[in-house]
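Working notes, beginning with the structure itself.
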Amino acid sequence: MTDLLYNDTEIALRDSVRAMLDKRLTAADIMALYDAPYPRPAQLGAALSDELGVSALLVPESAGGHGTRAREAAVVLEELGRRVAPVPFLTSAVVATRCLTAVGDMAWLPRLAGGEATAALCVPLVAYASTWSATVRPERAGLVGEVRGVADAATGVLIVPVRTDDAVHLHAVDPGADGVSVTPVLSLDMSRPLADVAFDGVQSRPIRSGVEAQRAVDDALTAGAALLASEQLGLAEWCLDTTVKHLRDRYQFGRPLGSFQALKHRLADLLVDITASRAVARYAADCLATNSDDTAVAASLAQAYCATVAVRAAEECIQLLGGIGMTWEHPAHLYLKRAKADQLAFGTPALHRTRLAELVDVPAAC
Amino acid sequence: MSTTTKEELRHRADALLAAHPPHSTTPQEFLAARFDAGLAWVHYPAGLGGLGLPRAWQTDVDAWLEAAGAAPYQQRRNPIGLGMAAPTILRFGTPDQQRRFLRPLWLGEEIWCQLFSEPGAGSDLAAVATRAVRDGDTWRVTGQKVWTSNAQHAQFAILLARTDPDVPKHQGLTYFVCDMRAPGVDVRPLRQLTGEAEFNEVFLDDVPVPDGYRLGAVGEGWRVAMATLNNERVSIGGDPLSRSGGMIGVVVGEWRARPELRTAELHDRLMQSWVAAEAHRLTGLRLRQQLASGQPGPEGATMKLGFARLTQALSGLEIELLGSDGLRYDDWSPQRPEVVDFNGRGPGYRYLRAKGNSIEGGTSEILRTVIAERVLGLPAEPRTDKNTPWKDVPR
């Protein structure tokens, strides 16, 4: 029986993450990333790993981790979303970790678990399970090719899908290696910055090949889609809370804004959707944690639903804050940028609806 | 009293089953014996069908009795009686009233209906204009009530009436039990846009109501009515709806069976509804888990809004999907259905009946205001009628 609530362990973890973020992260830190983006400060991510051990949540026990603690990872993501925290948790501790776990890697996982290294799956942030394709090829001089729009690629080891005529292979490549260039790009959401990664004759050996490699990438992207929903939930909640507070505090026409029905009804509708988002996000996390047969459906449902709700929450926040929402000074724009980028990450809602139609047998028009 | 253990409760159930074996007792006799044994609703007091035990224990009793061959208790027979009248009588009724009304109510021998809404008092329920005027030990009630389901079967009604028009609207109301067979009660079917008549209009013309049928003090009617409405039960029993159940299951079934109707645009709209339906189903599942574990949450308040939006979108899509066949209607005759069954009727019925989902039991607009003020804590809208004598409020 699926459990959609939060247990005591999860609530305690949430409190710890929230306390750390309160202490170590301000909106000004995130805004600074838009003006002086590189290199990104690594202290916050390190503190989350060192003090709370969150990077080990999805690492198998055999590699020094905690096992499949996807429900806990989801709670961490809710808090990171609530603060648009600029840490590579989703990309490294969820997606790359799931990929390495699926291929039975023992070289990198212990280091990821301990927080000594981070990793990035070298595919575009918008790639999603079962339709992604590898663009890097092995040639005589080594790996050749380019992958555009990779998230959190600048700091950790790159897990690179490589295509030959008959198979996919996974390579682990140091971004500092000869022939690798990682070019940061200005991103819509600088709290999860993208980079273009080019390979020009990089010497490397595959860590896994064939169907297993293909499945590992699918599994990693499915996990990313499933748990991103929790980040989107936390983000949407911040937007609702912030808007409610503003409507309570601000007076116009001699009344608090929140007493106007036209405004309060919009927030009631948003609460309806956020409440449903929580059920959907918890279901996706629980499916992942229990290795459910329904995980692919749950992950696509999560992105089809929660991504749209988060964008709407951020857009409502900007609109109902009025002029202050358009300023650089108020942090609302950080949430709008993250929400919109998240909507495309791991597949758009429309792509996931198409995928869901296949999974639940609602055939498309011929 | 609360020293009863679950084991002792089990013994009680076994004793009932031994004295009244379900296979050789008529269902009605069994129900009566069950009520008298305190196993009807165990959270009610002893002597009134219960034992003063935790409400959750009723689930165990139901399971034991059914396992022994007793017919499941039919909540549906008396929904207003069980869901609204009984808890109000328990809280506000005198001992005499409790003894008089609760047993036949639970046994389904006396069906109840609700005389609250009026043509001039819908969302603004406290504006009711039906007058009750005191005449010795009797009240004389005159007015018009509307949207009354089960009135044609009902023996009794819970009634909200105005006893003092000279004070602000919330202060001049009194709550009564009304005998639906009394002289001056006229029940007329109210035909809806679907063709059927689920509800009634009830005309009250100088209807005598004994003062002994008053629930709560004179002028306390609003407080009593709020207690009644707060008892609107969230259905937590039964199996959670499956993914292929409900209206989405019907429409997806049609989609699979009729490939010639498919277009890309309809496909994406259908999948949007599929996603919304599944999100709604999981929200309901989470609500059940919260209630079972005693954790409060906003799910109860938000479920109805989500449901109305979903059924309306889906039933509209279904007609478009079916094309010419969507323009055929199954039955315009003025049926008197006992329960609303979306899936037992055609797409036109579903489309029309779903319009009521955002109106009945609190409109979506009122619910949004309630959610905004009670869940989100936003300030109330200024109101002009709150301190004005009812007779002076424009209407």
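The residues in segment B:352-395 that are within 14 Å of another protein chain (Cβ to nearest Cβ), assigned to a helix (DSSP H, G or I) and touching a Gly at 6+ places or on another chain (Cβ under 6 Å) can be counted, and the count is 0. Selection of segment B:44-55 for residues being without any contact (Cβ under 8 Å) to a residue 40 or more places away in the chain and farther than 17 Å from B:Phe101 by Cα yields B:Pro54, B:Arg55. Restricting attention to segment A:342-366, the residues being surrounded by fewer than 17 Cβ atoms within 10 Å (Cβ to Cβ) and either under 15 Å from the mean Cα position of the chain (by Cα) or not aliphatic (A, V, I, L, M) (or both) number 4. The number of residues in segment A:288-303 that are surrounded by 24 or more Cβ atoms within 10 Å (Cβ to Cβ) and more than 30 Å from A:Lys245 (Cβ to Cβ) comes to 5.
For A:Val136, state whether it is in contact with a Gly (Cβ under 7 Å, 6 or more places away or on another chain) and either buried (at least 21 other Cβ atoms within 10 Å of the Cβ) or under 16 Å from A:Pro161 (Cα atoms) (or both).
On the way: in contact with a Gly (Cβ under 7 Å, 6 or more places away or on another chain): yes; either buried (at least 21 other Cβ atoms within 10 Å of the Cβ) or under 16 Å from A:Pro161 (Cα atoms) (or both): yes.
Taking the combined requirement at face value, the residue satisfies it.
Taking segment B:38-95 as the range and being buried (at least 19 other Cβ atoms within 10 Å of the Cβ) and acidic (Asp, Glu) as the test, no residue passes. Name every residue in segment A:92-113 that is surrounded by fewer than 24 Cβ atoms within 10 Å (Cβ to Cβ) and assigned to a helix (DSSP H, G or I), in order of residue number. Scanning segment A:92-113 gives A:Thr101, A:Ala102, A:Pro110, A:Arg111. Do we have A:Leu5 as surrounded by 19 or more Cβ atoms within 10 Å (Cβ to Cβ) and either more than 30 Å from A:Glu329 (Cα to Cα) or more than 14 Å from chain B (Cβ to nearest Cβ) (or both) here? No, not satisfied. I'm checking my understanding of the structure. Among residues of segment A:351-366 that are in contact (Cβ under 8 Å) with a residue 40 or more places away in the chain and not in a loop (DSSP other than H, G, I, E, B), which one is nearest to the other protein chains (Cβ to nearest Cβ)? Applying the filter and picking the extreme gives A:Arg353. Pairs meeting the criteria (first residue in segment B:92-106 and at positive phi, second residue modelled with pLDDT under 95 and surrounded by 18 or more Cβ atoms within 10 Å (Cβ to Cβ), beta carbons under 9 Å, at least 6 apart or on different chains) are lacking.
On the given criteria, is A:Ala225 of a type in the set (Gly, Ala, Ser), in the same structural domain as A:Gln303 (by TED's automatic domain parsing) and in contact with a His (Cβ under 9 Å, 6 or more places away or on another chain)? Before the answer, list the steps.
Working: of a type in the set (Gly, Ala, Ser): yes; in the same structural domain as A:Gln303 (by TED's automatic domain parsing): yes; in contact with a His (Cβ under 9 Å, 6 or more places away or on another chain): yes.
Criteria met by A:Ala225.
Would you check if there is a residue in segment A:221-232 being out of contact with any Leu (no Cβ under 7 Å at 6 or more places or on another chain) and within 12 Å of chain B (Cβ to nearest Cβ)? Yes: segment A:221-232 contains one or more residues that are out of contact with any Leu (no Cβ under 7 Å at 6 or more places or on another chain) and within 12 Å of chain B (Cβ to nearest Cβ). Of all residues assigned to segment A:265-287, none qualifies as being within 9 Å of another protein chain (Cβ to nearest Cβ), in a loop (DSSP other than H, G, I, E, B) and over 25 Å from A:Gly149 (Cβ atoms).
Per this entry, B:Ala292 is counted among residues that are touching a residue at least 40 places away in the same chain (Cβ under 8 Å), among the aliphatic types (A, V, I, L, M), within 14 Å of chain A (Cβ to nearest Cβ) and more than 23 Å from B:Arg262 (Cα to Cα). Of the residues making up segment A:99-150, those that are out of contact with any strand residue (DSSP E or B) (no Cβ under 9 Å at 6 or more places or on another chain) and within 21 Å of A:Asp342 (Cα to Cα) are A:Tyr128, A:Ala129, A:Ser130, A:Thr131.
Counting the residues of segment A:249-271 that are surrounded by 15 or more Cβ atoms within 10 Å (Cβ to Cβ) and hydroxyl-bearing (Ser, Thr, Tyr) gives 1. Checked against (1) hydrophobic (A, V, I, L, M, F, W, C); (2) at the interface with chain A (Cβ under 8 Å from one of its Cβ atoms); (3) without any contact (Cβ under 8 Å) to a residue 24 or more places away in the chain, B:Leu327 passes all but a single condition, namely (2).
Go through B:Phe176, B:Phe203 for me and flag whichever is at pLDDT 95 or above, closer than 19 Å to B:Phe92 by Cα and within 25 Å of the chain's Cα centre (by Cα). Just one listed residue meets the conditions, B:Phe176. Just for segment B:256-289: of the residues that are at the interface with chain A (Cβ under 8 Å from one of its Cβ atoms) and among the polar types (S, T, N, Q), which one is surrounded by the fewest Cβ atoms within 10 Å (Cβ to Cβ)? Ranking the candidates gives B:Thr263 first. Every condition in (1) more than 9 Å from every other protein chain (Cβ to nearest Cβ); (2) in contact (Cβ under 8 Å) with a residue 12 or more places away in the chain holds for A:Leu247 except the one numbered (1).
Within segment B:295-308, which residues are more than 8 Å from chain A (Cβ to nearest Cβ) and in a helix (DSSP H, G or I)? Break it down into steps so the answer makes sense when it comes.
At the first step, the residues of segment B:295-308 found to be more than 8 Å from chain A (Cβ to nearest Cβ) are B:296, B:300-301, B:303-304, B:307-308.
Answer for segment B:295-308, where residues must be more than 8 Å from chain A (Cβ to nearest Cβ) and in a helix (DSSP H, G or I): B:Gly300, B:Ala301, B:Met303, B:Lys304, B:Phe307, B:Ala308.
The residues of segment B:355-395 that are without any contact (Cβ under 8 Å) to a residue 12 or more places away in the chain and more than 24 Å from A:Thr242 (Cα to Cα), listed by number, are B:Ile359, B:Arg383, B:Thr384, B:Asp392, B:Pro394.
Let's see how each residue does on (1) crowded, with 17+ Cβ neighbours inside 10 Å; (2) of a type outside the set (Ser, Thr, Tyr); (3) within 14 Å of chain B (Cβ to nearest Cβ):
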{"position": "A:Thr9", "(1), (2), (3)": "no, no, no"}
{"position": "A:Arg14", "(1), (2), (3)": "yes, yes, no"}
{"position": "A:Ala19", "(1), (2), (3)": "no, yes, no"}
{"position": "A:Ala27", "(1), (2), (3)": "no, yes, no"}
{"position": "A:Met31", "(1), (2), (3)": "no, yes, no"}
{"position": "A:Ala42", "(1), (2), (3)": "no, yes, no"}
{"position": "A:Leu48", "(1), (2), (3)": "yes, yes, no"}
{"position": "A:Leu58", "(1), (2), (3)": "yes, yes, no"}
{"position": "A:Arg69", "(1), (2), (3)": "yes, yes, no"}
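A:Glu329 fulfils the conditions (1) within 14 Å of another protein chain (Cβ to nearest Cβ); (2) at pLDDT 95 or above; (3) outside any helix (DSSP H, G or I) except for a single criterion, (1).
Pull up segment B:326-360, narrow it to residues that are small (Gly, Ala, Ser) and exposed (fewer than 12 other Cβ atoms within 10 Å of the Cβ), then point me to the one that is modelled with the highest pLDDT.
Of the residues in segment B:326-360, the ones small (Gly, Ala, Ser) are B:326, B:333, B:344, B:346, B:348, B:354, B:356, B:358.
Going one step further and asking which of them are exposed (fewer than 12 other Cβ atoms within 10 Å of the Cβ), we end up with B:333, B:344.
Values: B:Ser333: 96, B:Gly344: 87.
Checking each candidate, the answer is B:Ser333.
Could you tell me which residue of segment A:183-237 is surrounded by the fewest Cβ atoms within 10 Å (Cβ to Cβ), considering only residues that are among the small types (Gly, Ala, Ser) and assigned to a strand (DSSP E or B)? For segment A:183-237, the residue satisfying everything is A:Gly201.
Scan segment B:327-344 and tell me whether some residue there is acidic (Asp, Glu) and over 30 Å from B:Asn200 (Cα atoms). No: zero hits.
The values are calculated or read from the model by the stated rules, or taken from the named source; none is laboratory data. Everything numeric here is computed off the predicted structure, so don't read it as measured data. With ideal geometry, Cβ positions are generated from the backbone for all residues, glycine too; neighbour counts draw on all protein chains shown.
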